[in-house]
Amino acid sequence: MAKELKHVVAMDDNYSQWYNNLVVKAGLAENSAVRGCMVIKPYGYAIWEKMQRALDQMFKDTGHENAYFPLFIPKSFFSKEANHVEGFAKECAVVTHYRLKNADNGQGVVVDPDAKLEEELIVRPTSETIIWNTYKNWIHSYRDLPILCNQWANVVRWEMRTRLFLRTAEFLWQEGHTAHATREEAVAEAEKMIGVYEKFATEWMALPVIVGHKSENERFAGAEDTLTIEALMQDGKALQSGTSHFLAQNFAKAFDVTFTNKEGKQEYVWATSWGVSTRLMGALIMAHSDNNGLVLPPKLAPIQVVLIPIYKGEEELSAITSKLDEIAAQLRAAGLSVKIDDRDNVRSGFKFAEYELKGVPVRLAMGPRDVQNGTIELVRRDTLEKENVPQEGLVARVSALMDDIQSNIYKKALDYRNSMITKVDTYDEFKKVLKEKGGFISAHWDGTVETEERIKEETKATIRCIPLDVEPEEGKCILTGKPSHHRVLFAIAY
RNA sequence: CGGGGUGUAGCGCAGUCCGGUUAGCGCAUCUGCUUUGGGAGCAGAGGGCCGCAGGUUCGAAUCCUGUCACCCCGACCA
């Protein structure tokens, strides 16, 4: 086990400490001087950038364009959609003044009471209100529709308790906001985008997710329907990893956004919004990592292959590095991101441990023996299997290994996830599984808010989703015994 | 906002109960030598308003009062 992590906590010992420690030690992020806010370090940001790029391309492939809307939202905009305010009111940062002045006692600065804003500004916790206030001016006719915009931004939600990547006071995300002429088109858009998220999670993050509808309780404030992708972490807790909302005409009505249809009649516009955040980083870390550190899927790894020389003295070093340079050039030509670590102030063993901590998918080490034999040592991060392979054909081998690792860690996560879905038919069983095993629990529910809330109060478990592919099945609610027509998925969530 | 805890070197900590040499240890840093196929060894060096402000005392990291900050557990939440 990595020395950096050794004196701390193993995954099975205290999962959240293990997670926090890993994030810091692997150089992804750390807590900042500002309470609840996070500094994303270069290595962590490099992963986020890869995610951004892939997602952005997927949005463009589905016809979306990027735009940018203001950070500040006038307070009055907020109160226009009743459910929306209620959902966010308790966690908003509010700007009340626009100027500081020197303190009277000469010590530091104070807020200038004369510089009070007429109307307070809210730092966006999400942008529906400012965007729909803008869309009002953009939309007049059915010919102006649809509008398919996305913005990459930061938002602020003043959370009481925060955790690196999973919940921070400020976080980075993208939010798509679309406007449509018909209900059908908007519903289809919301479904399409949750599909994009599912594809991204599966293909890029190697993260299996369950797609489904949120229950009324868990729905986005102001939505008529919320679609979600739910992932399972290695401690058996669920993580909501992305959402796509069908907003019906709620925001159009709140901001009076209408258009003239082909028949010349005024109609309210239909809307969707959808987003994923830096929380995905948390999902990525928690889904695949082990006690040696991160395990990154090759598609998102900032460094895909690291080359390490093993040597005694200058002479060997120069012989080996020139060989490594050659190999690195070939790997780069094949489109791989490669790093040669020729630092001479740390030994090779230290480097091995360090790149395991950082989750680099493939490590190649070359020493004098290899130079002589025309071989190289190859270690894959996901299994830590070590083999000596010929230098000849190395590029093809490593390229193939990238795909192999990508699919292997997906399969591993999928097998685990599937083994953690348990069907139960009684409340006692439900509580027992929740306590002893965790994971998703598939159970019957009578469909009422009251039942869900009581289960939450008594067990902390919530309905994560009603899966899209749920099969009709007659049964009885585990709590009330009332009739139910299909199962839903419960879990304790982050 | 309730309950608990912690502030001592860049990081992690001991010392505080019971006041008393020059405030100590590990990691990291720097220098030198020896090492180098899984987190090197030895020798030496640098680095501190002991969170901050008062007070008690001949004497305070240690006792008292106040204050600030952070962490953990709850309620809230992508």
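In the context of the full protein assembly, A:R157 retains an accessible surface of approximately 40 Å², using a probe radius of 1.4 Å and ignoring ligands and nucleic acids.
The Cβ shell under 9 Å around A:Y494 holds other residues with a net charge of +4, Lys and Arg each +1, Asp and Glu each -1. Amide H contacts of A:V276 (H built 1.01 Å from N, in plane; Pro and chain starts excluded): A:Q174 sit under 5 Å, all sequence-distant by 5 or more or on other chains. Computed from Cα atoms, the angle from the helix A:128-138 axis to the main principal axis of chain A rounds to 70 degrees. Taking a ≥ b ≥ c as the square roots of the eigenvalues of the alpha carbon gyration tensor, the stretch A:450-494 is oblate, as a/c is not under 1.5 and a/b does not beat b/c. The separation of the stretch A:176-220 from the stretch A:375-418, counted between C-alpha centres, amounts to 32 Å.
Loop-located GluC sites (Glu not before Pro) in the stretch A:340-391 (DSSP state not H, G, I, E or B) with no more than 10 neighbouring Cβ atoms inside 10 Å: A:E385. Ordered from highest to lowest accessible area with the whole protein assembly present and a 1.4 Å probe, A:V187, A:V155 read as A:V187, A:V155.
Sorting the segments A:479-490, A:173-184 by their mean number of nearby beta carbons within 10 angstrom, highest to lowest, gives A:173-184, A:479-490. Between A:D325 and A:V109, the simple spin-label model (points 7 angstrom out along Cα→Cβ) gives 5.1 nm.
The distance separating the Cα centre of the stretch A:9-53 from that of the stretch A:283-340 comes to 21 Å. The phi torsions of the stretch A:447-454, fed into the Karplus equation with coefficients 6.51, -1.76 and 1.60 and a -60° offset, translate into couplings of x, 9, 4, 4, 4, 4, 5, 5 Hz, rounded to whole numbers, with Gly and Pro shown as x.
Sorting A:300-311, A:248-259 by average packing, meaning the other beta carbons within 10 Å per residue, from highest down gives A:300-311, A:248-259.
Placing +1 on each Lys and Arg Cβ and -1 on each Asp and Glu Cβ, with no other charges, gives chain A a dipole about its Cα centre of roughly 680 debye.
When shorter helices are ignored and each DSSP H run of at least 4 residues is given -39500 (n - 2.57), the per-residue value for chain A at 222 nm works out to -11000 deg cm²/dmol.
Of the residues A:T202, A:T228, the one with the largest accessible area comes first in the ranking A:T202, A:T228, computed with a 1.4 Å probe on protein heavy atoms. Across A:K339, A:K358, the residue with the most accessible area heads the list, and the full order at a 1.4 Å probe is A:K339, A:K358. Under the simplified labelling scheme, the A:S32-A:A400 pair shows an inter-label distance of 4.7 nm, with each label point 7 Å from Cα along Cα→Cβ.
Note on A:N292 and A:L71: the model spin-label points, each 7 Å out from Cα along the C-beta direction, lie 4.2 nm apart. Could you let me know the centre-to-centre spacing of the stretch A:119-152 and the stretch A:462-494, using Cα atoms, in angstrom? Cα centroid to Cα centroid, the span is 35 Å.
The HN-Hα couplings worked out from phi for the stretch A:305-313 by the Karplus form 6.51 cos²θ - 1.76 cosθ + 1.60 (θ = phi - 60°) are 9, 10, 10, 10, x, 10, 7, 10, x Hz, whole numbers, x standing for Gly and Pro. Electrostatic tally near A:F72: other residues with Cβ closer than 11 Å to its Cβ, Lys and Arg +1, Asp and Glu -1, net 0.
Straight-line reach from A:K25: which lysines have a Cα under 26 Å away, not including same-chain ones fewer than 8 places off? List returned: A:K3, A:K6, A:K41, A:K50, A:K237, A:K299, A:K339, A:K351, A:K358, A:K386, A:K412. Overall shape: prolate for chain A, with the ratio a/c of the largest to smallest alpha carbon gyration tensor axis at 1.5 or above and a/b above b/c. Using a cut-off of 9 Å between beta-carbons, work out the net charge of the residues near A:A238 (Lys and Arg +1, Asp and Glu -1, A:A238 not included). My count for the surroundings of A:A238 gives +1. Here the Karplus relation 6.51 cos²θ - 1.76 cosθ + 1.60, evaluated at θ = phi - 60°, turns the backbone of the stretch A:336-353 into coupling constants of 8, 8, 10, 10, 9, 9, 9, 4, 9, 9, 10, 8, 4, x, 4, 5, 3, 5 Hz, with x for every Gly and Pro.
The values are calculated or read from the model by the stated rules, or taken from the named source; none is laboratory data. None of these values were measured; they are calculated from a predicted model. Cβ sites come from the backbone with ideal geometry, for glycine too, and all protein chains shown count toward neighbours. Ligands, DNA and RNA are stripped out before the accessible areas are found, and what is left, the full protein with its side chains, is counted by its heavy atoms. Shrake-Rupley method; radii C 1.70, N 1.55, O 1.52, S 1.80 Å.
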